[in-house]
Amino acid sequence: MGISTDQAKYFRSLHFEAKGVCRDLETKEYRLIEILQKIERDKVFRFLGFKSLFQYALIGLNLSRDRAYNFITVSRKACEVDKLQVALRENKITLSKAKRISSVLTKDNAEYWLKLSHDLSQKSLERAIARVNPKSMVEEGTKFISENTLELRVAIDR
């Protein structure tokens, strides 16, 4: 069963609309990183009554724990590594890949990891990071799985 010309136009318009939203999302993600850097630098979260930038991101911005952690991790690393800041600003790296390389990224190796993040898929990049820093691939922490039960995730050496 084929689709009509009107349906095809509608489907294409939805596709182009989704692509536009994705472009806007990348821009907005970088803008949030910049703002978080300023909020942390000037300790604005304290003025607003929050004890930490993380608490501000969770409660003040209503971000999930994962998104708050990702944005804060990347914003801090971008403050340390100018090349990451530029790559984020120019949409040369996604927030997701920037978060992945943050555990191994330094000023000295920034070109290497930024190139890898551009050239490799997410899974291949994760494998490259795991070779250098295996513990970085384990997201340590706890979470409730029932009212009285916590799940604990840690990486330990043998």
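Each reported figure results from applying straightforward, stated rules to the coordinates on display, with no laboratory input. All of these numbers come straight from a predicted model, not from anything done at the bench. Neighbour counts are summed over all protein chains in view; Cβ atoms, including those assigned to glycine, are modelled from backbone coordinates with ideal geometry.
What is the range 1-83 by shape, rounded, prolate or oblate, if you read a ≥ b ≥ c off the alpha carbon gyration tensor as root eigenvalues and call it rounded for a/c under 1.5, prolate for a/b larger than b/c, and oblate otherwise? It is prolate, given that a/c is not under 1.5 and a/b is the larger ratio. Each label point was placed 7 Å from the Cα along the Cα-to-Cβ direction; for residue 15 and residue 35 their separation is 3.3 nm. For residue 61, no residue 5 or more places off, or on another chain, has a built amide H under 5 Å of its own.
Principal-axis analysis of the Cα atoms of the chain puts helix 65-80 at an angle of about 80° to the longest axis. Which shape class, rounded, prolate or oblate, goes with the range 39-158 when its Cα gyration tensor gives a ≥ b ≥ c as root eigenvalues, a/c under 1.5 marks rounded, and past that a/b bigger than b/c marks prolate? Here the range 39-158 falls in the oblate category. Among 92-103, 5-16, 45-56, the peptide with the highest mean count of other Cβ atoms within 10 Å heads the list, and the full ranking is 92-103, 45-56, 5-16. Projected label points at residue 109 and residue 89, each 7 Å from Cα along the beta carbon direction, are separated by 2.5 nanometres. In order along the range 111-125, the phi-based Karplus estimate (6.51 cos²θ - 1.76 cosθ + 1.60, θ = phi - 60°) of 3J(HN,Hα) comes to 4, 4, 6, 5, 5, 4, 5, 6, 7, 9, 6, 4, 5, 5, 5 Hz; Gly and Pro are listed as x. The string of couplings for the range 85-97 from the Karplus curve (6.51, -1.76, 1.60, θ = phi - 60°) is 4, 5, 4, 5, 4, 8, 6, 8, 8, 7, 4, 4, 5 Hz, one whole number per residue in order, with x for Gly and Pro. Stretching residue 124 away from residue 66 to a fully extended chain increases their span by 18.7 nm, per 0.36 nm per residue minus the current alpha-carbon distance.
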